[in-house]
Amino acid sequence: ADMERLVERLEKAVERLETVCQGSGMCGDTSAKGVAQYVQAFDALLAGPVAEYTKISKEVGGDVQKHAEMVHAGLMSERALLVVASKHQQPAENAFSELLKPISEQIQAVQNFREKNRGSKLFNHLSAVSESIPALGWVAMAPKPGPYVKEMTDAAMFYTNRILKEYKDVDKKQVDWVKAYLSIWTELQAYIKEFHTTGLTWSKTGPVATAGAKAAPAPPAGLAPPPPGPPPPPAPVSSSTDDSASRSALFAQINRGEGITSGLRHVSDDMKTHKNPALKNQGGPVRSGPKPFTAPKPACNANPSQGTSPKAPPLLELEGKKWRVENQENATNLVISDTELKQVAYVFKCTNSTLQIKGKINSITLDNCKKLGLVFDDVVGIVEIINSRDVKVQVMGKVPTISINKTDGCHVYLSKSSLDCEIVSAKSSEMNVLIPTEGGDFTEFPVPEQFKTVWNGQKLVTTVTEIAG
């Protein structure tokens, strides 16, 4: 009932916006309406793509509907910040960090919902939203908030493509859901390009914003009020407070712009190794290669009394038709033998372990695993490796497709009967495929990671770039 009322209000908001624009000819006149033009434009986005996404999510129902309510709450938090920015001058870093907290907390709530519902039948929907929801953090990005939203949108494509593939000729509603959701971020990019090209636009007049600055509860008469967001979800029991603080700290750091280098120490010539070769031999061995990116941690724990969350217990069980192998550490003899063709295996957060799957099953997914060895007989569908590191996969029988996504370090050992396997990779590195030889050994072939794209006059042509080492 609440969702029905929400959709009705959104539809009325569109009608009132159209009436105001056509009747007065002053659409976007901030002086007449008392609301900044870019806030009005954001209201139009809420009344358009967001309303459509909310409506279809309600029709899909279940976890998708609940997720949509959280997304809407995040967008309403963003609108509140836009109203504050339209009436205040840019605040100091610590105050801005506090203003960002409602948004970062809502982002975390959306992502936590996905993690808590990994068994959902609509997990691809939840993943598409979870991977792209950090786009709400564009308000802290400078000088290129638009490309940041584009990057987050691309992160959702892996899962939206899977939804389209699954439902393309089966359920048009699911296809419409994908189009409606992606249109939110497409329209947001256009909105940012018009009003906030190099970063969030603050008022040149008015008081400096403070942590306690609040947005007006509703626009003045004459402009359609934005629909109220649903109540925020309950706070997760895990360490989301720390994550939210970390995200806010990251937003604040990025927002400093050129000021971020103000605290760096000047290095004189006598301290530079290229001008003093003797310094190269001091201080131990030099690390080679770039350090993996890690988000900065807050200076202090947001909740000192709350320690790190306890580790989840290891799990290896059959749940319906799904084998769940989770949180295994240093387990070198994991075996799944009682398998059936309709079963799938989902391996999550397993470290320094080995797993053998005997028989023929439908599919296998490795998610967030590190230093894991997987040996399996036959898979009739697909083997997916996502968000993992240093994994080794050996095929004893046949498998039609292996997908590697967001993974660093992956060795795939093929059998003679699986040489026709298709290997699809994206956003991954250090991938190698090992082909069996007549003598029983393997020959290693690297999977290309660098490509060259040129315009041939009619279309883009992409070829592999080989660099001599």
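Observations
- GLN328 meets all of the listed conditions (1) in contact with a Pro (Cβ under 7 Å, 6 or more places away or on another chain); (2) surrounded by 19 or more Cβ atoms within 10 Å (Cβ to Cβ); (3) closer than 26 Å to MET157 by Cβ but one, namely (3).
- ILE423 being open to solvent by 10 Å² or more (accessible area, probe 1.4 Å), part of a strand (DSSP E or B) and in contact with a strand residue (DSSP E or B) (Cβ under 9 Å, 6 or more places away or on another chain): yes
- Evaluation of ALA142 against (1) under 19 Å from SER86 (Cβ atoms); (2) at pLDDT 90 or above (one fails), failing number: (2)
- Of the set (1) in contact with a strand residue (DSSP E or B) (Cβ under 9 Å, 6 or more places away or on another chain); (2) open to solvent by less than 70 Å² (accessible area, probe 1.4 Å); (3) at pLDDT below 95, all apply to GLY440 but (1).
- Any hit, the stretch 63-82, residues being in the same structural domain as ASN117 (by the TED database), open to solvent by 20 Å² or more (accessible area, probe 1.4 Å) and not in a helix (DSSP H, G or I): no
- Options LEU355, LEU372: the member that is more than 14 Å from LEU316 (Cα to Cα) and in a strand (DSSP E or B): LEU372
- Taking the stretch 93-131 as the range and being within 27 Å of VAL39 (Cα to Cα), open to solvent by 10 Å² or more (accessible area, probe 1.4 Å) and without any contact (Cβ under 8 Å) to a residue 40 or more places away in the chain as the test, the residues that pass are PRO102, GLN111, GLU131.
The rows are residues; the columns are (1) open to solvent by 50 Å² or more (accessible area, probe 1.4 Å); (2) at pLDDT below 95; (3) not in a loop (DSSP other than H, G, I, E, B).
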| site | (1), (2), (3) |
| --- | --- |
| THR186 | yes, yes, yes |
| SER203 | no, yes, no |
| ALA215 | no, yes, no |
| ALA224 | no, yes, no |
| PRO228 | yes, yes, no |
| PRO232 | yes, yes, no |
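- A residue that is within 16 Å of LEU188 (Cα to Cα), in a helix (DSSP H, G or I) and modelled with pLDDT of 90 or more occurs nowhere in the stretch 157-169.
- One residue alone among SER417, SER353, SER388, SER403 is open to solvent by 20 Å² or more (accessible area, probe 1.4 Å) and either free of Cβ contacts under 8 Å to residues at least 24 places away in the same chain or assigned by the TED database to the domain that holds ASP441 (or both), and that residue is SER417.
- Residue match in the stretch 190-197 (condition: open to solvent by less than 30 Å² (accessible area, probe 1.4 Å) and polar (S, T, N, Q)): no
- Matching residues, the stretch 125-156, being basic (Lys, Arg) and part of a helix (DSSP H, G or I): LYS150
- Members of the stretch 166-179 that are crowded, with 19+ Cβ neighbours inside 10 Å and either under 24 Å from GLY146 (Cβ atoms) or of a type in the set (Ser, Thr, Tyr) (or both): VAL178
- Among the conditions (1) in the same structural domain as PHE348 (by the TED database); (2) at pLDDT below 95, GLY469 misses just one, which is (1).
- Among the residues of the stretch 411-458, just one is among the aromatic types (Phe, Trp, Tyr) and within 18 Å of PRO400 (Cβ to Cβ), namely TYR413.
- Selection of the stretch 331-348 for residues being open to solvent by 60 Å² or more (accessible area, probe 1.4 Å) and touching a strand residue (DSSP E or B) at 6+ places or on another chain (Cβ under 6 Å) yields THR332, VAL335, SER337, LEU341.
- Annotation: LEU341 fulfils all but one of (1) at pLDDT 95 or above; (2) more than 26 Å from LYS116 (Cβ to Cβ); (3) of a type in the set (A, V, I, L, M, F, W, C); the unmet one is (1).
The values are calculated or read from the model by the stated rules, or taken from the named source; none is laboratory data. What you see is a predicted model; the values in this text were computed from it and never measured. Note that we place each Cβ from the backbone using ideal geometry, even for glycine, and neighbour counts take in every protein chain shown. Just so you know, the surface numbers come from the protein's heavy atoms only, side chains and all, with ligands and any DNA or RNA stripped out. Shrake-Rupley method; radii C 1.70, N 1.55, O 1.52, S 1.80 Å.
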